[in-house]
Every structure is written in structure tokens, then in C-alpha cells.
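Have a look at the structure below, then the notes.
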Amino acid sequence: MLLTKREEQVLKAFQDFGKLSINNISDILKVSKRTVYRTLADLTESLNQFNISIIKEGNQYVLTGELERLGEFTSQTVFSRNERLNLIAFRLLTAQAEVTNDDLQSDFAVSNVTIIQDIADIEKRLSDFDLQLIRKGGYSISPESSELRRVLAVLMTNNISVSDFWQHDYGSFKAVSSSYLENATLVFQSHQSDLPEIDAKMSQFFIVLLALTGYGTVPDSPSPLVSKTALDFAKSVYADLSEKNGLFYPIQEILYYAAVLDELVIKRQETPLFNENFDSEFFYNVSNLIDKVALYTKINFAKDQTLFKFLFNHIRLSLAIPIIFEDSANITLRHSALNHSEYLHRVVTLLVKEIFPVYLQSETEYELITLHFASSLRRSPDIYPIAILLLSDERPLACELLITRLKTLAPFVGTVKVKPAADFTALDRERYDSILSTQLTSAEDVKLVSIYPDGKELLQLQEYLQEIQANRDVKIRQEVQFEPSYDLQNYLLASQTLLSEFSYRQIENNPEFAETVRMVVEKIDYVTDQNYLADKLIERFTISPLAIPETHLALLHTYSSKVERSCFKVFELKRPVTALSMNHQEEEISRFLVMLTRLDETKEVRDLMTAISQSIIENHLYTEIYKTGNKDIIYQLLNQIFTEKIKKLEN
């Protein structure tokens, strides 16, 4: 006979201890006395069938009867709430008929009330993905839904670990035969080199999606324009899969797979400059999140050169494979995310809700994204630095060693000034966020540190400095200017070439966008076929609009054999024109930023052109300069961008 997990725990306790009180059982099960009485009643009913009873002796209970038959009992599988939600959702997505409440109660050994609550939560979550739960003789989801296949692929990818998947162990989440999944894995891997680099979880998702071909329906409306890369890949994998499975796959299935591949991978590459088709709205949303978090926290996160990259890759994966049901029992990130970052967490939560789709919304996502911003604070002295005064009469070498150790354990330390304790003045308290001393002083606000701190003291110092940063007063300080040294001659020559080709001019333009583009192209030298290039720029802009919201700027860029010299140019329009922006809203354009790259250009020029495009799309401070700066100011900005790029390469 099957016992519940609680009944099994009580029965084992009786065997181990003999006699148990209600308080003993309550402590063992970690439940209320009321639940204990109910569990004892259920266990008694089960034991009576085998001539075993539970009797009360004083204030304790004991087993009597044919105790040798206890070995005939087994326990049933008990699922956590998160496991139950995922399994019920999987059942609903794959069932051929209605799933009844009684079926679910029996399969998961829970009450009617529990199933009703689970179904309500599942219905609410599936609605985020535009899936409707049907209540008619049970529970079901329409097999005609165009989102069913994609949500099922996400659910399977979330619940099958990467290691189990590559070992072909799919557990309870196998919607199709193992052979279909194994064939899809082999086919996808054989062609994966044709795609941009993607991580193992993304690969797993596209393999599962490929194996699920035929599940649900694909959209009836005409497929969106897909890239050649995605279409060629889809045709290749379906040709091989058709041969392995002995099935014919219609063109609509191939187009659907290519469209999803385009949406989640091809159009969301970190460097969009050399991609004909990319998701400008996604780029804008990531940069907009950084910009707005900086606005509300008064912290210039745009200075962190790696934050955009980390957020880009994290959010791209989360949008492709969102968490459908998060496991509240395993949330271990909250403490780290909220430590000294409560306000930052609230800001990030509100902005993610505002900017990104509802299916991305979960506490885990808010915490992970908050951690990216919190890590940015801890990673670099350029974001939210603290200034330290070190009072010491020790030898300079010893002080330098201590400073090095401080900056290693707390990279956000900006400057450390060393001076003798005798020179300490009241004005120093206003100039520095923290004052450390290697010798005892009478000042209460000066922290004593060892000149050679041990591991324990270093950990305490790290916590202390993080506390200082979290509660520092903002002080305006003059930034330290670094004189760069250049060893990379090719990059230096490339930067000089691009700066010499830069120009800024006003034009008397036509009020129509397309005609203005043609007039701009006519003003550019070194173009062998102006009509062809203008058509290409207009076509690219139609596919991936790059008018930057609320800036009156539009970026026109391409690489072409019709361009003889790579260049970046700014055109001021006498008459503003209207164009579609990155967030697919109408934007009034008063300046065109034009980037033209020669087809066989050198790696150095391509890298510097990429740096310009990133400065336009990712950095709102630089965007403001492009929006309002004159020729000299923009020239200096380009020079600065090239300098930062070369310096980064040297480092």
C-alpha cells in the first residue's frame, strides 16, 4: 500500500522510537498539531487494513498488531509545488483529451483545493504567453494555438538539465519519442557551425523546437521576412531531419523555424553593424534600461563598458527561454541582490515591468538583473567610486602594497591618498568618503587597519568599504586624466584615416525620408553607384529602423562594394523628416548619421566603425553629443571613442 510522505515519516518515527507524543510528531513533521491529528487518522486507516493499530498510552501513541507486515508499505512520490506546476502544465500542453481534476488529485496525491489553486496559477501564467485554458469537461489548451509549440519547448528546456539532455535522459518531459529528439539533436549539431555562437541552453531549446515540428499550429498569416542565414539553416536541418524521420515537412514549418531562429539569435547579435537584419527594438530596450536605471539612481552606469554586454546576453537568453514557474524554495539570490541594493532592486523591478514583455516578469529575473547593476558598482571605480585617505607613517612601499590589496578586494575604490597622521585636518573629512589609519588615533571616524592585514581583516575591510560605498555622500571631484600610449600602429592609422574622412554639413532636403536619403548619398564622394547604395540604405532602414527615440537622429549604415572609402558623416537637415524609430514609433529626424564601410575593409577600420555604432546605440551621453554637437565637438567625440578603443586593446 502507498503512504504519503508524512505518513511514511510518522511510521518510521514509530519504528525508531517506539512511543511518540503529539508534540514529538509535530516537531518531526514541522506542522501544526491539527495537521498531526489528521495525519494520524489517515495513517490509522491505512494500517488497519493490515491488522495494525495506533493506540494511546497516556500522552503517547504506540503501534500494536501484526508489526511484521510493515514491510508491505511503500511511499508514493511527493512533488514540490514547483515540480507539480511544471508537470501539470506539461500534461495540459501535451494531452490529447481533457484532463480532469480527479485525475490530477490521484496522480499528485493532493487535495481538490490544491489542484484548483495550481490550475489558477497555471492559467494566469499561460495567459502571459497568449495561451488560453479551456474548461469543458476538464482542463485543456486548444491544439490550434500558434504559441503552444514554443511554450512547450520552453517548458521542456527549463525542466531538462543540459547534462541530462545530452545523455538523452528526458525524464517526465518527453513530448515526442526519444528517437525524434535524438535525430533532431544530431541534425542540429551537424549544422550548428553555420550559426553565430550560442550557448548550450539555447542550442537545447532549438533542438527541442525542431523535434516538436507539427505540434500545435504555425501562424496562418504570411511569415515575416527572414534572413538568408536563418532560411538556409532551416532548409538544411529540415532536409536532413526529413530523411532521418521519413517524414515530409511543409514549407510553413520551415519558415516558422527560420522566423524563431531569426528573432532569438540572428537579429540579436552584439555587433549589429554588419548584419543586414537585426532587432533594433531589443537593442534600444537594453540601452534604455541602463539609461533609466542611471537616471533614477543618479549613478552613471553607462561608464561601465561591460554592463551592456552582460545585460544583452542575459536578457536575450531570458526572452528566448523565460522561467515559466519559478521555484520559490530554491531562490538563493535574493539576499545577495538586495544587500545594500534595496532601492536599486525596486528601480530595476519597475523598469523591467515597464520595458520588457510580461512573460519575462519574475522575482528571479528582477534579482538577476539587479545583480548585474550591483556588480557594476563593485567592478569599476568609474561608476560609483569612493575616495579614501590613508593616514600612515609607514614606508612608501608598504603603503603601496596595502593600497594594491584594498583595490583588489574593492575595485570600486577610486583614489587613495596617503599622508602622515600629523597632517590630518578637519577639511579631509569633507574631501574623502573614508579615512583609514595604520596607527591609533583619537578620532572616532578614522578606521584602524593593519599595514599587513590578514585574510580575516581583509574580509572585514571589504564589507566596510562596501558599506561606505552604499551610503556615501556624492562629492564632485575632478576626474583623473590618463595619457594613453599607443603601440598599435594599424589602429592608429585607421583612426587617422576615419577622422580625415569625417564631415559635417547642412543640406536643403526634400521633406520625404526616402528622397532625403538619396540627396544625402549624392553628397558623398567615393560612391560608384549612388542609386544602388541609396536603395540599399532605404531597404535596410525599412527592415531594421534606426531612428533613435527622442533624439531626432537616424543612423544610416551599410557595407558595400559600391563604397570606395569607409567614412562616417553627419548631415543636418534644413527640413525635418519622419521615420520609424527603434521602438517602432514615428520619430522626427533632423540629423542623419551616415556610416559607409568598404566591402573588403581592414579589421582595424571595421573595429573602429563598430565602436562608433555602439556609441550611438548603447551610450545615451554620446547620443546627446551626436544630437547637439557641432563639427568640432563631434570630431573630438570620435577621437575620444577611437582612443578608448585603442587603449582597451592595449590593456
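The values are calculated or read from the model by the stated rules, or taken from the named source; none is laboratory data. Because the structure is a prediction, the values reported are computed rather than measured. FYI the Cβ positions are ideal-geometry reconstructions off the backbone, even for glycines, and counts take in every protein chain you see.
Observations on the model:
- Taking first residues from region 89-110 that are under 15 Å from Ile134 (Cβ atoms) and partners that are among the basic types (Lys, Arg) and in a loop (DSSP other than H, G, I, E, B), the Cβ contacts under 9 Å between residues at least 6 apart in sequence or on separate chains come to Glu98/Lys136.
- Within region 373-389, the set of residues being surrounded by 21 or more Cβ atoms within 10 Å (Cβ to Cβ) and not hydrophobic (A, V, I, L, M, F, W, C) comprises Ser376, Tyr384.
- None of Ile119, Ile134, Ile115 is over 25 Å from the mean Cα position of the chain (by Cα) and not in a helix (DSSP H, G or I) except Ile134.
- Checking each residue of region 416-433 against the condition of being among the β-branched types (Val, Ile, Thr), under 24 Å from Ser376 (Cα atoms) and either modelled with pLDDT under 85 or under 42 Å from the mean Cα position of the chain (by Cα) (or both) gives at least one match.
- Answer from Phe278, Phe274, Phe301 - the residue that is of a type outside the set (D, E, K, R), at pLDDT below 90 and touching a strand residue (DSSP E or B) at 6+ places or on another chain (Cβ under 7 Å): Phe274
- Test: residue in region 596-612 that is farther than 25 Å from Leu289 by Cα, touching a Cys at 6+ places or on another chain (Cβ under 8 Å), assigned by TED's automatic domain parsing to the domain that holds Leu573 and not in a helix (DSSP H, G or I): yes
- Tallying residues that are small (Gly, Ala, Ser), outside any helix (DSSP H, G or I) and within 48 Å of the chain's Cα centre (by Cα) within region 25-55 yields 1.
- Any chance Gln60 is surrounded by 12 or more Cβ atoms within 10 Å (Cβ to Cβ) and modelled with pLDDT under 85: no
- Qualifying position, being within 30 Å of Thr229 (Cα to Cα), part of a loop (DSSP other than H, G, I, E, B) and free of Cβ contacts under 8 Å to residues at least 60 places away in the same chain, among His191, His168: His168
- Residues (more than 14 Å from Leu389 (Cα to Cα) and in contact with a Lys or Arg (Cβ under 8 Å, 6 or more places away or on another chain)) located in region 418-468: Pro453, Leu458, Tyr464, Gln466
- Given (1) out of contact with any helix residue (DSSP H, G or I) (no Cβ under 6 Å at 6 or more places or on another chain); (2) surrounded by 16 or more Cβ atoms within 10 Å (Cβ to Cβ); (3) of a type in the set (A, V, I, L, M); (4) assigned by TED's automatic domain parsing to the domain that holds Glu144, index of the condition Leu40 fails: (4)
- Residues (touching a Ser or Thr at 6+ places or on another chain (Cβ under 9 Å) and within 19 Å of Tyr256 (Cα to Cα)) located in region 130-170: Asp130, Leu131, Pro143, Glu144, Ser145, Ser146, Leu148, Arg149, Val151, Leu152
- Matching residues in region 513-547 - criterion: being in contact with a helix residue (DSSP H, G or I) (Cβ under 7 Å, 6 or more places away or on another chain), at pLDDT 90 or above and either under 20 Å from Ser613 (Cα atoms) or part of a loop (DSSP other than H, G, I, E, B) (or both): Val517, Val521, Leu533, Ala534, Leu537, Ile538
- Looking across region 166-209, the residues that are hydrophobic (A, V, I, L, M, F, W, C), closer than 14 Å to Val154 by Cβ and buried (at least 20 other Cβ atoms within 10 Å of the Cβ) come down to Phe205, Phe206, Ile207, Val208, Leu209.
- Output for region 200-218, where each listed residue is more than 11 Å from Leu261 (Cβ to Cβ), touching a helix residue (DSSP H, G or I) at 6+ places or on another chain (Cβ under 7 Å) and not small (Gly, Ala, Ser): Lys201, Gln204, Ile207, Val208, Leu212, Thr213, Tyr215, Val218
- Of residues in region 363-414 being among the polar types (S, T, N, Q) and outside any helix (DSSP H, G or I), the one farthest from Phe308 (Cα to Cα): Ser392
- For Asp262, the requirement of being buried (at least 20 other Cβ atoms within 10 Å of the Cβ), of a type in the set (Asp, Glu) and more than 19 Å from Phe90 (Cα to Cα) is met.
- Sole exception among (1) surrounded by 15 or more Cβ atoms within 10 Å (Cβ to Cβ); (2) out of contact with any strand residue (DSSP E or B) (no Cβ under 8 Å at 6 or more places or on another chain) for Leu148, by number: (2)
Matching residues to (1) surrounded by fewer than 18 Cβ atoms within 10 Å (Cβ to Cβ); (2) part of a helix (DSSP H, G or I); (3) within 27 Å of the chain's Cα centre (by Cα); (4) at pLDDT below 90:
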{"site": "Leu85", "(1), (2), (3), (4)": "no, yes, yes, no"}
{"site": "Leu92", "(1), (2), (3), (4)": "no, yes, no, no"}
{"site": "Lys124", "(1), (2), (3), (4)": "yes, yes, yes, no"}
{"site": "Glu144", "(1), (2), (3), (4)": "yes, no, no, yes"}
{"site": "Asp164", "(1), (2), (3), (4)": "yes, yes, yes, no"}
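- Of residues in region 345-362 being under 23 Å from Thr306 (Cβ atoms) and under 13 Å from the mean Cα position of the chain (by Cα), the one surrounded by the fewest Cβ atoms within 10 Å (Cβ to Cβ): Leu360
- Residues satisfying the stated conditions in region 459-485, i.e. modelled with pLDDT under 50 and out of contact with any Ser or Thr (no Cβ under 9 Å at 6 or more places or on another chain): Gln478, Glu479, Gln481, Phe482, Glu483, Ser485
- Check on Gly138, surrounded by 13 or more Cβ atoms within 10 Å (Cβ to Cβ), in the same structural domain as Leu11 (by TED's automatic domain parsing) and over 27 Å from Ala184 (Cβ atoms): no
- Top-ranked residue in region 613-638 [being part of a helix (DSSP H, G or I) and loosely packed, with under 15 Cβ neighbours inside 10 Å; ranked as modelled with the lowest pLDDT]: Leu621
- Region 287-299 residues that are in the same structural domain as Val348 (by TED's automatic domain parsing) and more than 13 Å from His372 (Cβ to Cβ), paired with ones that are among the acidic types (Asp, Glu) and assigned to a helix (DSSP H, G or I) (beta carbon under 9 Å, 6 or more apart): Ser287/Glu618; Lys292/Glu354
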